[in-house]
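Structure, as structure tokens:
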Amino acid sequence: MRSLRIGLLLGLRQIQRASLWTTSLIIFVMMLTFLNLIAVSGILVGLIEGAEQAVRKSALGDVVITTLDNQDHILETNSFVREIATYPEISTYSVRYKSGGTLEANYKERRDLSGERDTAAVTVTGIDPIQEHAMTGLGDLLVEGEYLNPNEEGYILIGIYYIEEYAQQFGDVFDTVSDISPGDTVRLTVGDITKEFIVKGIIESKVDEVNLATYIPEREFRRLFNRLDRNADQIVIRTVEPSDNASVVASMKASGLDAYAKILTYEENLPKFLIDIKNTFNVLGTFIGSIGIIVASITIFIIIFINALSRRRHIGILKGIGIDRKAIEIAYVIQAAFYALSGSALGALLTYGFLVPYFKENPIQFPFSDGILSADPETTFYKFIVLFIITLIAGFIPAWLIAKQNTLNAILGRK
Amino acid sequence: MNIITAKNIKRSFGKDNLITHVLRGIDIDIREGEFVAIMGKSGAGKSTLMYQLSVLDTPTEGEIVVDGTNIVNLSEQEKTEFRLNTLGYVFQDYALVPDLSARENIMMPLLMRGEDWEKATQKSDRALDDVGLAGKYLNLPSELSGGEQQRVAIARAIASSPKIIFADEPTANLDSISGEQIIELLTKLNREQHQTVVMVTHEREYALGVHRIIYMEDGVVVKEEKLREL
């Protein structure tokens, strides 16, 4: 306790009397280290989190209802929907019908009947346009044309990955049709049935699931695919509080709804590879950040070592007049703690006061996501603790090395 | 009664064929309340002897008993505690901590001895008053003259009322007036508070007020001169 008191006094006074420029520089280095530790992994993870958020916003919502493993569709969909409509925790939902078909374009202009047809195998999604827009804002994702009008029939929305002019930037990956604009006529073939549609709009999103879909009103879908039982393939739900989705799922399961469909939270529905990528990016970011920690700890070591070495004689004198070695070591550890705390505090202020809001407003544009800066406070805290402890050790070792030297040798400046 | 008894003190440095024998077998007794000056030419071994007696160094051979404790076999930690509780030091170049005010420099050993902040402050201020530095409590060492810094060092040495004060050439870096003031201070401490003072000096005029002068040459005591009775 006495050593702590003396160490505190010595440490605080050393900080107080140190050169302002030197102190500022050390704190700046610590701040950069903190940012390196948080921001590098934060941006890497943020890419995936941005993608996740986009999927949550534009495709899947907070709760995802899909077919049971042994069923083709959600059973008793109408009753199911009536039931979930009574949940006050649910703000909106969209019922989707999905199936595969073949989209054909430019068939009217085709002169050579023996030549290749301009077709693409597509996913057809039947939606209630009003419900879907309320749920995912699909109507805001148009790059060309207009959104579906619930009172009209014979119109289709097409995701950009099915249109050659948009999809070619990704190479020859997608099955596409070419030269399509709103107002053009295309035809959709499902089995033996073919129906013509007018392209109403073209949809572009950061979410592949949206880009790889065509949308038609649900009434037409049911007729086209002969789904007269009205049983859907997917229901996506947005909860009033997104973080409460697990309790909503639990409540639905408690009501026995899981006998009709698979009920999952958004997180449970995430593909494993996405979670793996996120974890890998986190590890990668932490590794890169760790290099920063090592550099910072070496910096602190050198600073404290030079500081302690230049005061070697004073350290000897302090020991000579009876000051415990521990007090001297504590003084230097306090200095290191001060640098780590100040740098981290500034770094945290910059991260949460500026960088996180900035990247939220101005996301980094990636093809698959709007990259944000992911800085979960809990993870940040743990990383800070690691940085803090390593800095303390980096401050302690040189102090220990100098303070353990022979007292008289230190006083006389002898080696 | 002897407060320091040293028998056959030897101190050598180096090893193998490069050994330098700085102290070659010294016997010394210093009585409680005595003011002793150790004098000699440069290289005579006077400072080395003082370091042995003041528990800052360990002799190669011999036995030293200070205030009833055989200090030769103490551990580093025990030596530190012994120095804190029994001894006071005045070094040649003041040896103040530059980041601490005059008051804080004096408070350090007091706080280390477990005194509370308020009491340590009062004692350090009183010590500064005693050495004629009233009102300079908050001055940093760099804001004081050499003589003033040495007075702070003396105040630090006396604040915790140690039994013995060791002064290693306390006037070496001072002008003659400041030097005389420092010697007067040490003499006053010895006379009024009966603290034992052991001072190393090479200037005889500063040693004229002491009880006894021990003369050294080539690592041995060659003469003792008693100037006044204890």
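Computed from the coordinates by the stated procedures, all read-outs in this text should not be read as laboratory data. Since this is a predicted model, take the numbers as computed values, not measurements. Note that we place each Cβ from the backbone using ideal geometry, even for glycine, and neighbour counts take in every protein chain shown.
Return the whole-Å distance between the Cα centroid of the range B:4-60 and the Cα centroid of the range A:110-158.
Each part's Cα centre sits 101 Å from the other's.
Taking the beta-carbon count within 10 Å as an exposure proxy, list A:V173, A:V283, A:V122 from fewest neighbours to most.
Going from least to most buried by this count: A:V173, A:V283, A:V122.
Kindly provide the helix-only [θ] at 222 nm of chain B, computed as the sum of -39,500 (n - 2.57) over DSSP H runs of four or more divided by all residues, to the nearest 500 deg cm²/dmol?
The per-residue figure over chain B is -10500 deg cm²/dmol.
Going by how many other Cβ atoms sit within 10 Å of their own, how do A:D140, A:D175 line up, fewest first?
Ordered from fewest to most neighbouring Cβ atoms within 10 Å, A:D140, A:D175 come out as A:D140, A:D175.
Using only the Cα atoms of the range B:1-87, construct the convex hull and provide its projected area averaged over every direction, in square nanometres to one decimal.
Averaged projected hull area, Cα only: 6.1 nm².
For the range A:1-142, I need the span (max minus min coordinate) of the C-alpha atoms along each principal axis, in Å, sorted largest to smallest.
Here the Cα extents, ordered largest to smallest, are 91, 50, 31 Å.
Do any GluC sites (Glu not before Pro) in the range B:150-230 lie in a DSSP loop with no more than 15 other beta carbon atoms within 10 Å, and if so, which?
Those satisfying the criteria are B:E203, B:E229.
Using the Cα atoms of chain B to build a convex hull, what is its mean projected area in square nanometres?
Average projection, Cα convex hull of chain B: 12.7 nm².
Full extension from A:I364 to A:K253: what is 0.36 nm times the residue separation minus their Cα-Cα distance, to one decimal in nm?
Extra length available between A:I364 and A:K253 comes to 36.1 nm.
Suppose we keep just the DSSP beta bridges with both residues in the range A:68-260; what percent of those would be antiparallel, to 5?
In the range A:68-260, approximately 75 percent of DSSP beta bridges are antiparallel ones.
Could you let me know the centre-to-centre spacing of the range B:82-155 and the range A:274-335, using Cα atoms, in angstrom?
Using only Cα atoms, the two centres lie 31 Å from each other.
Which three lengths, in whole Å and largest first, does the range A:206-309 cover when its Cα atoms are put on their principal axes?
86, 34, 22
Which of the trypsin sites (Lys or Arg not before Pro) found in the range B:180-230 are loop residues per DSSP with 12 or fewer other Cβ atoms within 10 Å of their Cβ?
Passing both the DSSP loop test and the Cβ count: B:R228.
Residues with beta-carbon under 13 Å from that of B:H202, excluding B:H202: net charge, scoring Lys, Arg +1 and Asp, Glu -1?
Residues near B:H202 contribute -2 overall.
How long are the three semi-axes of the equivalent ellipsoid of the range A:104-214, in whole Å, if each is the root of 5 times an eigenvalue of the C-alpha gyration tensor, listed from largest down?
Largest first, the range A:104-214 gives 23, 17, 12 Å.
For the pair A:I306 and B:R228, what calculated FRET efficiency results from E = 1/(1 + (r/R0)^6), where r is the Cβ-Cβ distance and R0 = 56 Å, to the nearest 0.05?
With R0 = 56 Å, the Cβ-Cβ based efficiency is 0.65.
Apply the Karplus curve 6.51 cos²θ - 1.76 cosθ + 1.60, θ = phi - 60°, to the phi angles in the range A:149-155 and return the couplings in whole Hz, x for Gly and Pro.
9, x, 8, 9, 10, x, 10
Toward the positive end of the charge dipole of the protein assembly as shown, about the Cα centre and with charges on Cβ (Lys, Arg +1; Asp, Glu -1), which of A:L228, A:I163, A:L103 goes farthest?
Working it through, the farthest residue towards the positive pole turns out to be A:I163.
DSSP loop (so not H, G, I, E, B), at most 11 other Cβ within 10 Å: list which chymotrypsin sites (Phe, Trp or Tyr not before Pro) in the range A:359-404 pass both filters.
none
To two decimal places, what compactness ratio does the range B:176-215 give when its Cα radius of gyration is scaled by 2.2 N^0.38 Å?
Rounded to two decimals, the normalised Rg is 1.11.
From the Cα trace of the range A:68-260, what convex hull volume per residue do you get, rounded to a whole Å³?
Per residue, the Cα convex hull of the range A:68-260 comes to 139 Å³.
Where does the longest stretch of chain A lie that holds no GluC sites (Glu not before Pro) found in a DSSP loop with 10 or fewer other Cβ atoms within 10 Å?
Looking at chain A, A:117-415 is the longest stretch - no exposed GluC sites (Glu not before Pro) with at most 10 other Cβ atoms within 10 Å.
In whole percent, what relative contact order does the range A:68-260 give with Cα contacts below 8 Å and a gap of six or more residues?
32
Only bridges whose two residues both fall in the range B:110-230 count here: according to DSSP, what percent of them are antiparallel, nearest 5?
Antiparallel bridges: around 55 percent, rounded to the nearest 5.
State the antiparallel share, in %, of DSSP beta bridges confined to the protein assembly as shown, rounding to the nearest 5.
70
Enumerate the lysines that B:K15 could reach by cross-link, defined here as Cα to Cα under 16 Å, with residues fewer than 8 away along the same chain left out.
Output for B:K15: A:K415.
Can you tell me the alpha carbon radius of gyration of chain A divided by the globular rule-of-thumb value 2.2 N^0.38 Å?
Taking N as the residue count of chain A, the ratio is 1.45.
When only Cα pairs under 8 Å and 6 or more residues apart are kept, what is the percent relative contact order across the range B:18-102?
Relative CO of the range B:18-102 lands at 18 percent.
Hey, what D do you get for the range A:361-407 in µm²/s if you plug the Kirkwood alpha-carbon radius into Stokes-Einstein at 20 °C and 1.002 mPa s?
150
At 20 angstrom or more along the helix axis (alpha-carbon based) and mean Kyte-Doolittle of 1.0 or higher, what helices does chain A contain? Whole DSSP H runs only.
A:20-55, A:272-310, A:325-350, A:377-403
Using each residue's phi in the range B:67-81, evaluate 6.51 cos²θ - 1.76 cosθ + 1.60 at θ = phi - 60° and report the 3J(HN,Hα) Karplus result to the nearest Hz, with x for Gly and Pro.
Once θ is set to phi - 60°, the couplings for the range B:67-81 become 6, x, 10, 6, 7, 5, 9, 6, 6, 4, 5, 5, 5, 4, 5 Hz.
For chain B, what's the relative contact order in percent, using C-alpha pairs closer than 8 Å and at least 6 residues apart?
Once normalised by length, the contact order is 28 percent.
Subtract the Cα-Cα distance of A:R219 and A:Y352 from 0.36 nm times their separation in residues, and report this length gain in nm to one decimal.
Once the chain is fully extended between A:R219 and A:Y352, it gains 43.1 nm.
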